[in-house]
Protein chains: 2
Amino acid sequence: MVELETFEHDSISKIGGKYWFHEISEEAFPGQAFSLEVGEILHHTQSEFQDILIFRSISFGNVLVLNGIIQCTERDEFAYQELITHLPVMAHKNPKRALVIGGGDCGVVRELVKHDIVKEVTMVEIDSMVIELSVKYLPNMAKYHNHSKVNIVIQDGFKYLSDLANKNEEDKYDVIITDSSDPEGPAEEFFQVNYFKLLSNSLKKDGIVIMQSSENIWLNLNYVEDLKQKAEKVFPNVEYSQCYMPSYTSGQLGLLIATHDTTNDLKKPSRTVENEDELFRYYSGKIHESSFVLPTWADKQINGRK
Amino acid sequence: MVELETFEHDSISKIGGKYWFHEISEEAFPGQAFSLEVGEILHHTQSEFQDILIFRSISFGNVLVLNGIIQCTERDEFAYQELITHLPVMAHKNPKRALVIGGGDCGVVRELVKHDIVKEVTMVEIDSMVIELSVKYLPNMAKYHNHSKVNIVIQDGFKYLSDLANKNEEDKYDVIITDSSDPEGPAEEFFQVNYFKLLSNSLKKDGIVIMQSSENIWLNLNYVEDLKQKAEKVFPNVEYSQCYMPSYTSGQLGLLIATHDTTNDLKKPSRTVENEDELFRYYSGKIHESSFVLPTWADKQINGRK
């Protein structure tokens, strides 16, 4: 165990006799910060790829932090994990093969195996340390990391997709979920046109991809618009969705979803699932549809060209 | 002007050479805090009722803080002001007379006067200092404080409603918006069954009331459920809605809306407005409907009894 009193980290300071973790990033969200009171430092290490900090917070359960940015907290992770997973899976008519790029906390894998229709889940994570630590400190997120449907590959996602591009249609995927960290760090190349091309080449004809948008509509609407336009250079059918996430910047997360299938209205589930309200805590068919309804000013800028 | 270097306030501390305002409340949201970098202290005073702090932030414009809690920032105030105003006004078929309890920043008044159908707006604010300072430091919010349709009364809202209860139907209101601060402070009595009774007695038969729920579904779902049940002791038709608000706790604000009219589906606008997308930046008919769609776990607990 790490002693809090003697632990030194740029993101942790003492206010009024208590220790707080501050998520401060001049580059990503200047002038604003979300803070969590720290109960205990569970683990801190510098992996081959990034600074990994895991602490027990006073009110959000255990928290995983990569390079100073909160990746998930036990209290609200289900919102993000469910929406990024169930939007593409439910928008697809028959999603048998799913690929996760990143997602080392295994939360997306946990959501994918809930679907009987999904037969095969491959997760490609660059940093094995994130998986190991999640199994230990985020057991409810990582509980299906060794599920019989799940195959975990420790590799750079970009490399994995490059190799896949030349393969046959049956080796490609119905759903590809990019669950990466923000562009500042190892995930930088996931937010470029080239990445959308790689995704496109790794998808079956009617396949669906989804990724987090890094910025959100409040923080940097121009960035979100730009990212959507990059996706539109590759995919003819692209939509932007968002969900409430108290522990993420601006209290929300944006998601970009795309497909080559122009007959598929991604904003609606294409199937129903029995016992939906027992399987899911955040997602429902109604949540699916409403997650695409943007405030007027953002809708105009992002979707106005339609 | 107040010198930042020598200014002392419980909510402001220096991190990495910069001054940050931390919204910390052991009582209201233990263990989590939103922080804004401070550019300049514009005003600080103790009014008859509360501690009032106004500062220029680095990234959210000017910020009004009462008793240490952020009331509004110039960057995102429109989300809250629009939803709390346009939900009841648009759900009502013919809202001629509107009453605002609280709302000293005059943002709700600004939204109300946008509607030609609204002929008369009364705002009852207990603390005249909040209005004066908003006119000076939040000019875009307070710009219609002296509009010809607007009548401002400096009085305790509870007292104003008590006097109204014995008056005739024509003196009562079509829409009553309670735009108060949280229960910790002068607004405490706004979150009790008695207050819903007072609102009920001040409404026309098909009138609609709305108020902020103080807590949100992530922070304290039991409190939200409890508040809704209090409202249901007085009103047969009560719904819970939420909007994205980056500068509020958990990045959102919850709203409780109620009416005696059981034929009115509050979740849908009952009218349309011309040039909706020019009048409003956040609100639209689609936003109206989707703001009532709650994540599954919260929907079950709050609306499950239906």
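The values are calculated or read from the model by the stated rules, or taken from the named source; none is laboratory data. Model, not experiment: these values are computed from the prediction. Cβ: placed from backbone, ideal geometry, glycine included. Neighbour counts: every protein chain shown.
For the range B:54-84, a residue qualifies if it is more than 14 Å from chain A (Cβ to nearest Cβ) and of a type outside the set (A, V, I, L, M, F, W, C), and the qualifying residues are B:Asn67, B:Gln71.
From the residues in the range A:204-235 that are surrounded by 23 or more Cβ atoms within 10 Å (Cβ to Cβ) and assigned to a strand (DSSP E or B), which one is nearest to the other protein chains (Cβ to nearest Cβ)? Within the range A:204-235, the match that is nearest to the other protein chains (Cβ to nearest Cβ) is A:Gln212. Restricting attention to the range A:157-170, the residues that are without any contact (Cβ under 8 Å) to a residue 40 or more places away in the chain, in contact with a helix residue (DSSP H, G or I) (Cβ under 9 Å, 6 or more places away or on another chain) and in a helix (DSSP H, G or I) total 2.
Looking across the range A:171-197, the residues that are surrounded by 22 or more Cβ atoms within 10 Å (Cβ to Cβ), modelled with pLDDT of 90 or more and part of a helix (DSSP H, G or I) come down to A:Tyr195, A:Phe196. Of everything in the range A:71-122 that is aliphatic (A, V, I, L, M) and touching a Cys at 6+ places or on another chain (Cβ under 7 Å), the residue that is surrounded by the most Cβ atoms within 10 Å (Cβ to Cβ) is A:Leu83. Here A:Lys159 passes the criteria (1) at pLDDT 95 or above; (2) over 30 Å from B:Asn220 (Cβ atoms) except the one numbered (1). The residue of the range A:286-301 that is farthest from A:Leu253 (Cα to Cα), among those that are touching a residue at least 12 places away in the same chain (Cβ under 8 Å) and more than 7 Å from chain B (Cβ to nearest Cβ), is A:Gln301.
Within the range A:1-37, the residues that satisfy the criterion of being among the aliphatic types (A, V, I, L, M) and either exposed (fewer than 13 other Cβ atoms within 10 Å of the Cβ) or within 9 Å of chain B (Cβ to nearest Cβ) (or both) are A:Met1, A:Ile15, A:Ile24, A:Ala33, A:Leu36. Within the range A:11-30, residues that are free of Cβ contacts under 8 Å to residues at least 40 places away in the same chain reach partners that are polar (S, T, N, Q) and part of a loop (DSSP other than H, G, I, E, B) with beta carbons closer than 6 Å, at six or more positions or on different chains, in the pairs A:His22/A:Ser11; A:Pro30/B:Ser59.
Contact map, the range B:264-279: first residue within 13 Å of chain A (Cβ to nearest Cβ), second residue of a type in the set (Phe, Trp, Tyr), Cβ cut-off under 9 Å, separation 6 or more or different chains; pairs are B:Lys267/B:Phe292; B:Val273/B:Phe280; B:Glu276/B:Tyr283; B:Asp277/A:Trp297. Counting only strands (runs of 3 or more DSSP E) that fall entirely inside the range A:1-102 and contain at least 2 residues that are modelled with pLDDT of 95 or more, over 17 Å from the mean Cα position of the chain (by Cα) and of a type outside the set (Val, Ile, Thr), the qualifying elements are A:32-46, A:51-57. Here B:Lys267 passes the criteria (1) at pLDDT 95 or above; (2) within 23 Å of B:Leu161 (Cβ to Cβ) except the one numbered (2). B:Gln252 falls short on exactly one of the conditions (1) within 30 Å of A:Leu219 (Cα to Cα); (2) more than 8 Å from chain A (Cβ to nearest Cβ); (3) not charged (D, E, K, R), and that condition is (2).
Listed by first and then second residue, the pairs with beta-carbon distance under 6 Å, at least 6 apart or on different chains, first residue in the range A:53-72 and on the phi < 0 side of the Ramachandran plot, second in a strand (DSSP E or B) and among the polar types (S, T, N, Q), are A:Arg56/A:Asn62; A:Ser59/B:Gln32; A:Phe60/A:Thr73; A:Val63/A:Ser57; A:Val63/A:Thr73; A:Leu64/A:Gln71.
Take the residues in the range A:271-290 that are over 30 Å from A:Ala28 (Cβ atoms) and either β-branched (Val, Ile, Thr) or loosely packed, with under 15 Cβ neighbours inside 10 Å (or both); name whichever of them is modelled with the lowest pLDDT. Step by step, filter the range A:271-290, then rank; the result is A:Asp277. Against the test of being buried (at least 16 other Cβ atoms within 10 Å of the Cβ), part of a strand (DSSP E or B) and not charged (D, E, K, R), the options A:Ser241, A:Ser200, A:Ser250 yield a single qualifying residue, A:Ser241.
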